[in-house]
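The structure appears right after this line, and notes come after that.
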């Protein structure tokens, strides 16, 4: 796309090369290489145990790779940073099982995610500025929870929790969003709406979506990476990938 | 700015609590000092000091609720911070005795003379000064909590493992303070106090002042704890309690937030201990006993975890019950009663006295309450 500027090793937003990690001898990721360009949206598929979640753990600092390079923004080595530091760099994550703060109101969930300094002193003497309140209101509108803002997040339905979590990602305003199975457990209608929401987000963010639902991926209409046994099996448009014999064999050919 | 921080979003429950304690601070000493002893309205000095003791426990309970109820850190060693604050106050009171001790040594406390010590250990220096001693009341527990928490929270020790090491912490201190050569009076601890700030500790007026001071510190402790929990930091802390790794992925350094509330809480427990010692007249290593810390957890659970006011209520109610139980024919059964109470509250009133009362009240006002999520199980 564009050539790296001096000091940058790559022009990619996210650059994984030769990454391996094993747990008690089990190789969860073996020699995984993957690049995400700025502004790109990528779907990642693969059978259970292909290493999708482990890959996300590595990018977000939860798991340290045994070997390999993980670079963000061309020059930042993510393997040296912890979860909080990586989150503050601008990498947001949505979990497979929706994790919102059940005992906080919907509005407070967004407030906690809102991009701001995360130090003890700043949060102790926090006052929400007008611009920040407006941002919270906007996000509540986008995820269609504006009328429910005072409700506890724990009382939301499964689909609403998924949206709230996407809203929290928006509030973080990350450069890169990692979204793990956003359509899991949703009705068809909700799934379609989620696809629209994600496409809208992808306009000004880079997004990685891990998903099982082929219909959902087709609706997103983006480049697909197929993982198998911890490394990339195929990459390309969905039609091309689903025509690949190996992919059919390990994943699609039930 | 401080007033705004302390009073932001004051709710009715908090306001009632503050008014009640402020009323007690004036009323009880007045009934003690101004009403003649024969009158039915007279409050005896011993009763006043007993209630002063309960209020110290209430402050300890609030400090534990701050870390357990809001941050999910089940500390089974909060009695250690209470006792350290108590020892700091006790050391000041020992130095105030001067040459009035049994052995008449103007510098050394009696137990040091008895042990044939020739000079004051370095760590007793400065405790003849009240401001220094008060600084130590905050610093000794605060510093211990900071160092302990720094290691524990950075290493991500959580749940039952953290509870066990807090329990070990207080047990280790119990053993250490039992030793004579530690220089804290060993088994007997520190006692036979004479003066505080030049006033006789036994005097009725001094007792009344100590009671009022306890109320003032309980109010201060409550306001600080409340200021913390209603701030955005308080929301972060609750988030940590309910979904720690999610909070981390939002970019919050969980260990620092835990360290902050743990240290503040330890200082608060220290203040409670410092007020307790002159009112009961003794501090000894038994205050470090693991059972004390566990009892504190029971007070908070009984009163209502995560409510601050409930914790204070639990501290008073359970200790009042203890006084009644342990002074009559039922004395041998107190521990059974305490255990039964804990089991009863855990099973039938998981939100404690205050939470249950509040639910009942809301149900009466609004027949169909909004569905609220079940409270997370106590770790």
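Quick look at the values:
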{"read-out": "The stretch A:94-107, subset more than 23 Å from residue A:178 (Cβ to Cβ) and surrounded by 19 or more Cβ atoms within 10 Å (Cβ to Cβ), residue farthest from the other protein chains (Cβ to nearest Cβ)", "value": "A:107"}
{"read-out": "Extreme residue, nearest to the other protein chains (Cβ to nearest Cβ), among residues of the stretch A:170-193 that are in a helix (DSSP H, G or I) and surrounded by fewer than 22 Cβ atoms within 10 Å (Cβ to Cβ)", "value": "A:190"}
{"read-out": "Helices (runs of 4 or more DSSP H) contained entirely in the stretch B:238-321, each with at least 3 residues that are buried (at least 24 other Cβ atoms within 10 Å of the Cβ), away from chain A (no Cβ under 14 Å) and under 15 Å from the mean Cα position of the chain (by Cα)", "value": "B:254-280, B:290-303"}
{"read-out": "Residue in the stretch B:200-221 that is in contact with a helix residue (DSSP H, G or I) (Cβ under 7 Å, 6 or more places away or on another chain), part of a strand (DSSP E or B) and surrounded by fewer than 17 Cβ atoms within 10 Å (Cβ to Cβ) present", "value": "yes"}
{"read-out": "Lone unmet requirement of (1) free of Cβ contacts under 8 Å to residues at least 24 places away in the same chain; (2) over 17 Å from the mean Cα position of the chain (by Cα); (3) under 21 Å from residue B:72 (Cβ atoms) for residue A:138", "value": "(3)"}
{"read-out": "Of residues in the stretch B:1-10 being surrounded by 11 or more Cβ atoms within 10 Å (Cβ to Cβ) and part of a loop (DSSP other than H, G, I, E, B), the one nearest to the other protein chains (Cβ to nearest Cβ)", "value": "B:8"}
{"read-out": "Residue match in the stretch A:15-22 (condition: over 30 Å from residue A:167 (Cα atoms) and either within 14 Å of chain B (Cβ to nearest Cβ) or surrounded by 20 or more Cβ atoms within 10 Å (Cβ to Cβ) (or both))", "value": "yes"}
{"read-out": "Single unsatisfied condition, residue A:91 versus (1) touching a residue at least 40 places away in the same chain (Cβ under 8 Å); (2) surrounded by fewer than 19 Cβ atoms within 10 Å (Cβ to Cβ)", "value": "(2)"}
{"read-out": "Flag if residue A:22 is touching a residue at least 40 places away in the same chain (Cβ under 8 Å), within 19 Å of residue A:224 (Cβ to Cβ), out of contact with any helix residue (DSSP H, G or I) (no Cβ under 9 Å at 6 or more places or on another chain) and in a strand (DSSP E or B)", "value": "no"}
{"read-out": "Qualifying residue in the stretch A:110-122 (condition: touching a strand residue (DSSP E or B) at 6+ places or on another chain (Cβ under 7 Å), surrounded by fewer than 19 Cβ atoms within 10 Å (Cβ to Cβ) and either more than 14 Å from chain B (Cβ to nearest Cβ) or not in a loop (DSSP other than H, G, I, E, B) (or both))", "value": "no"}
{"read-out": "Every residue from the stretch A:129-149 that is within 14 Å of chain B (Cβ to nearest Cβ) and either touching a helix residue (DSSP H, G or I) at 6+ places or on another chain (Cβ under 7 Å) or surrounded by 18 or more Cβ atoms within 10 Å (Cβ to Cβ) (or both)", "value": "A:136, A:148, A:149"}
{"read-out": "Residues within the stretch A:80-96 that are assigned to a loop (DSSP other than H, G, I, E, B) and more than 14 Å from the chain's Cα centre (by Cα), tallied", "value": "2"}
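So that you can scan it fast, the table gives a plain yes or no per residue for (1) at pLDDT 90 or above; (2) outside any helix (DSSP H, G or I):
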| position | (1), (2) |
| --- | --- |
| A:34 | yes, yes |
| A:47 | no, yes |
| A:54 | yes, no |
| A:58 | yes, no |
| A:62 | yes, yes |
| A:70 | yes, yes |
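Conditions tested, residue by residue: (1) at pLDDT 80 or above; (2) within 19 Å of residue B:294 (Cα to Cα); (3) within 14 Å of another protein chain (Cβ to nearest Cβ).
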site	(1), (2), (3)
B:324	yes, no, no
B:328	yes, no, no
B:338	yes, yes, no
B:351	yes, yes, yes
B:360	yes, no, no
B:366	no, no, no
B:372	no, no, yes
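The values are calculated or read from the model by the stated rules, or taken from the named source; none is laboratory data. Predicted model, so just to flag it, every value in this text is computed and none were measured. Neighbour counts run over all protein chains shown; Cβ positions are idealised from the backbone, glycine included.
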